[in-house]
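Undergrad: Here it is, the structure, as structure tokens.
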Amino acid sequence: MTAWIAEVPTAGTVELQPDPHALDSLGRNHSLETALADLVDNSVDAGAGTVLIRFIRHGARLIGLYVVDDGRGMTPESIDTAMTLGGRRSYNENDLGRFGVGLKAASFSQAASLTVLTRATGHPAVGRRWLHGQEHANFQCDLVAGNFVEAELDRAWPMSTRPSGTVIRWDRVAGFPATDDTHQVTTFLSRAIDHLRGHLGLMFHRLLAAGRIKILVDVEDINEGVGIPTEISPIDPFGYMKPAPGWPRTLTSDVDGRQLQIVCHIWPRKASTEQYRLPGGAENRQGLYFYRRDRLLHAGGWEGIHAPDKKLQLARASIDIDGDVAGLFTMNPEKSRVAAGADFARAVTAARADDGTTISDYLKAAESTWGISTQRATAQRHPVIPPGKGLHPKIVREIVEELPQVNSSPLNLLWARFDNDNFFEIDRDAMTLRLNNRYRAAVLGGRRGGLNDAPLLKSVLFLLIENVFQGVHLGARDKDNIELWQEILTTAARAELAAYTSRA
Ligand SMILES: Nc1ncnc2c1ncn2[C@@H]1O[C@H](COP(=O)(O)OP(=O)(O)O)[C@@H](O)[C@H]1O
Ligand SMILES: [Mg+2]
């Protein structure tokens, strides 16, 4: 056996430029919304008041995306550092930026072309473009033509990029549907905007609520102009009306002289608000919420303190990892996860509130609040027939979660051909509420039909009529109700049809 040598001896060097394909692995964990959140971080760091996310559409097809802000912009000197992978500037204490990769990783996770156009007060506007892929090897960054830079910065944005501002432009976005099918593209867009509302609303809720930033999302059709913008509203995961009595409590722990504070909240009961439900569902959002500089990084999960449990879904605790305690955590480059080390679990176990409350007292209290609140809800609400075919799965889930159900086969709501002009028909044997096909186009107002169409109408009908499907036979009161509903709803349906036909 040869002796172990502590220092590896070397005999000269060879230069190995990184292969441009190294970029391919960047930002693999990004989705469109986490990537855009990273660009919003940069706008926040640049002191922007407004950030606009704009999808660009040409006819049916989505062809690009912009993120525009009115922040301090970049000077011709600083833009090259900004475009450099791992190019780090000096960060101040409140900056969200950190690794010098966010912009590039986020952009290349979604698009093959990243263009940055920017203007800082008192400096000429300047632009750079990175093409990702075959065309440009060896990290050659393009200089964007001056008049184009000006023109892009001065497009009709909802805010002015004068005296300073930045336009980030993505072309060849891989995640956009490669189709000219209007229906598919429209569905994609509404889902993407929904995800953005959820993700950005949650992650930036403190900054949004404090008015430190405003985020707009819109769609521009290059022939038809810009649609109405959606403003992202804050979604506060601690936004209950009234907390469970006695909560929240702050647990504090000392880790080598550093203070870790966990603010333990308990929702009083399950709610149907967006703040309670959150993207991904409330059950998956129990646990810890890590904030860094008021930007939420990580929403839910117990980091090994406890296993997820349906009965703990009222428990949400916030931890601010600024300053001192930052060493207890590591953040992934996508800033979408915070990993806590072993010291963290120890610190949490040792944490105490002023009155001695521990984390396990907290979990017990959350569980018992859950028990009491579900008993109450089930006891108070009248049970319904389980919802069946024809209702949108989201509505089915809602009904099943909110209401106790009788033991019966499910109730279907289906369109059918009638030989009269009644609006509906009750078929108790088939457990089906039929709706007259004659009114369908009018109800849909020209939109495409499907098994789960007309969700609003069908939910209202379910709530109104479900009861008459219960019990062995119809009572006199049920019969009278059915007659009454039939008269009113048929009149309404005829009016709907008349309005629809006269429009066409
Ligand atoms: N919207 C923007 N406005 C002004 N400067 C920006 C903007 N986006 C990026 N930058 C500059 O680019 C640099 C690199 O950004 P990024 O790759 O996200 O890394 P980081 O944010 O970690 O520094 C930032 O530090 C900032 O100087
Ligand atoms: Mg950044």
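Undergrad: Based on other C-beta atoms within 10 Å, arrange Phe148, Phe176 from fewest to most.
TA: Ordered from fewest to most neighbouring Cβ atoms within 10 Å, Phe148, Phe176 come out as Phe148, Phe176.
Undergrad: Oh, and also: Strictly greater than 44 Å: what percent of every Cα pair in the chain meets that?
TA: 33 percent
Undergrad: Sort Glu231, Glu93 so that the residue with the fewest other Cβ atoms within 10 Å of its own Cβ comes first and the one with the most comes last. Please list the in-between numbers first.
TA: Working: Glu231 13, Glu93 7.
So the residues, fewest neighbours to most, are Glu93, Glu231.
Undergrad: Could you state the orientation-averaged shadow area of the convex hull built on the Cα atoms of the range 393-503, in nm² to one decimal?
TA: Answer in nm², one decimal: 7.6.
Undergrad: With point charges of +1 on the Cβ of Lys and Arg and -1 on the Cβ of Asp and Glu, referenced to the Cα centre of the chain, which listed residue (Leu297, Ala60, Trp370) lies farthest in the positive direction of the dipole?
TA: Trp370
Undergrad: Given Leu474, His123, Thr179, which one lies farthest toward the positive end of the charge dipole of the chain, if we put +1 on the Cβ of every Lys and Arg and -1 on the Cβ of every Asp and Glu?
TA: Selected residue: Leu474.
Undergrad: Could you work out the percent of alpha carbon pairs in the range 20-231 separated by over 25 Å, rounded to a whole number?
TA: Roughly 35 percent, rounded to a whole number.
Undergrad: Here is a follow-up. If we count other beta carbons within 10 Å of each Cβ, what is the order of Trp157, Trp267, Trp4, fewest first?
TA: Ranked by crowding around the Cβ, least crowded first: Trp4, Trp157, Trp267.
Undergrad: Along the charge dipole of the range 393-503, Cβ charges K/R +1 and D/E -1, which of Ala492, Leu463, Gly449 sits furthest on the positive end?
TA: Of Ala492, Leu463, Gly449, it is Gly449.
Undergrad: In debye, nearest 20, what is the charge dipole magnitude of the chain about its Cα centre with +1 on Lys and Arg Cβ and -1 on Asp and Glu Cβ, if you could check?
TA: So the magnitude is around 940 debye.
Undergrad: Helix-derived [θ] at 222 nm for the chain: sum -39500 (n - 2.57) over DSSP H runs of at least 4, divide by residue count, nearest 500?
TA: Calculated from helices alone, the mean residue ellipticity at 222 nm is -9500 deg cm²/dmol.
Undergrad: Mind counting lysine pairs for me in the chain? Cα separation below 26 Å, and the two need to be 8 or more apart along the chain or on different chains.
TA: 20
Undergrad: Taking only Cα atoms, what is the 0 to 90° angle, nearest 10, from helix 359-380's long axis to the longest principal axis of the chain?
TA: Roughly 20 degrees, rounded to the nearest 10.
Undergrad: Does the range 249-365 come out rounded, prolate or oblate, given a ≥ b ≥ c as the square roots of the eigenvalues of its C-alpha gyration tensor, rounded meaning a/c under 1.5 and, failing that, prolate meaning a/b above b/c?
TA: oblate
Undergrad: Right, another one. Quote the charge dipole size of the range 107-240 about the Cα centre in Debye, to the nearest 20; the model charges only the Cβ of Lys and Arg (+1) and of Asp and Glu (-1). Display every interim value, and only then the final one.
TA: Numbers: 12 positive and 15 negative charges, 130 e Å.
The calculated dipole for the range 107-240 is roughly 620 debye.
Undergrad: Report for the range 228-379 the percent antiparallel among DSSP-assigned beta bridges with both residues inside it, nearest 5. List each step's numbers first, then the result.
TA: Details: 19 of 25 bridges.
Counting only bridges with both partners in the range 228-379, antiparallel ones make up about 75 percent.
Undergrad: Just need the relative contact order of the range 393-503 here, percent rounded to a whole number, with Cα pairs under 8 Å and 6+ apart.
TA: 27 percent
Undergrad: What does DSSP give for the range 20-231 in terms of the percent of beta bridges that are antiparallel, rounded to the nearest 5?
TA: Values: 34 of 42 bridges.
Approximately 80 percent, going by the DSSP bridge assignments.
Undergrad: Treating the beta-carbon of each Lys and Arg as +1 and of each Asp and Glu as -1, no other charges, what is the dipole magnitude of the range 387-493 about its Cα centre, to the nearest 20 debye?
TA: Working: 13 positive and 14 negative charges, 98 e Å.
The calculated dipole for the range 387-493 is roughly 460 debye.
Bear in mind these aren't lab numbers, they're just calculated from the coordinates by the rules spelled out. Quick caveat: nothing in here was measured; it's all calculated off a predicted structure. Every residue, glycine as well, gets a Cβ built from its backbone with ideal geometry; the counts of neighbours run over all protein chains shown.
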